[in-house]
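Values in this text are rule-based calculations from the coordinates and carry no lab data. Computed from a predicted structure; not experimentally measured. Every residue, glycine among them, receives a Cβ derived from its backbone with ideal geometry; neighbour counts consider all protein chains shown.
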Amino acid sequence: MSFRLATSALRSVRRSVPLAARSVAGPSNITISDDDTEFYSDLLEEPFRDDDTPALGHLMLQEQRQVLYYLRLIEHEMPKLVAYRKPFELAPETPLVVRSVNYAGEEHPITAKRVIVVAVDSLPLKDEDAVHRIKVLAGPRWTPHPPTDGGISGLEEWQNGYIKISCEDFPKPAMNLKWASDTLDRLVTHANNANHDLKDVPVDMRHVYSKARKARKGEHTRGRVLARPSILDFPIEWIPKRRQKYVLS
């Protein structure tokens, strides 16, 4: 339908334009004869005979060609990757949980940031005094419960809490991760140093209570920050029978 409209428009233009204005202008070394002009004009005026697929059909053919291209790659090129096969090996266990942010290849300043989270009980600390010292030295980076955005399951046991260290001061992600890891190593080194007597220094909990007050969930009252009520706090006869097995276990 669009081809017929274009043809009719061309005819109307040819009728309205004088013969002298129909001459084709071009470089001096290229000449177009009247026979060529008449041939192309007749070709445009010739109606469409349904002997070719429309534009949508060509798009479908192009999509099929692309699929066939990748199928040929799978058939002929993928077997060559066997030469690079390596046996699977479990990664060494590490207490560190490293968190990063990625926007699927898009550039963003926060993609260079690295955050590490580690449980205090997983660190190589000598004794209970070292555990107390690292809590005091970590300051607001220590929390009694797992950080909500640290990659730690909320079902993990709290025990001696978690330390979270983040860095985004350097342009490269590896540099930020290295700084955070070195900071944690220095914390462990100073915590294991018995010359630092911090027994009389209490653990600062102001950041924990401040966060609980801002959340407005009642955790800052009656010591709920350190001991959240759970199903274990209810009498066993109050708990439905289908759930008593979880409590007794």
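Observations
- Förster radius 51 Å - calculated FRET efficiency between Arg99 and Thr53 (Cβ-Cβ, nearest 0.05): 0.45
- Restriction of the GluC sites (Glu not before Pro) in region 68-172 to DSSP coil positions whose beta-carbon has at most 10 other beta-carbons within 10 angstrom yields Glu77, Glu89, Glu93, Glu106, Glu107, Glu157.
- 3J(HN,Hα) along region 190-206: 5, 5, 7, 7, 5, 6, 8, 8, 10, 5, 7, 8, x, 6, 6, 10, 5 Hz, from the Karplus curve 6.51 cos²θ - 1.76 cosθ + 1.60 with θ = phi - 60°, whole Hz, x for Gly and Pro.
- Calculation over all alpha carbon pairs of region 151-211 in 10 angstrom steps from 0 returns a P(r) of 16, 34, 39, 11, 0 percent.
- Neighbour-limited loop hits for trypsin sites (Lys or Arg not before Pro), region 34-87 (at most 10 other Cβ within 10 Å; DSSP other than H, G, I, E, B): Arg49, Arg85
- Cβ-Cβ distance of Arg85 and Arg186, R₀ of 51 Å, FRET efficiency by 1/(1 + (r/R0)^6): the value works out to about 0.80.
- Note on region 97-204: Rg/Rh from C-alpha atoms, Kirkwood Rh, equals 1.02.
- Among the chymotrypsin sites (Phe, Trp or Tyr not before Pro) within region 59-115, those in coil by DSSP and having at most 14 neighbouring Cβ atoms inside 10 Å are Phe88, Tyr103.
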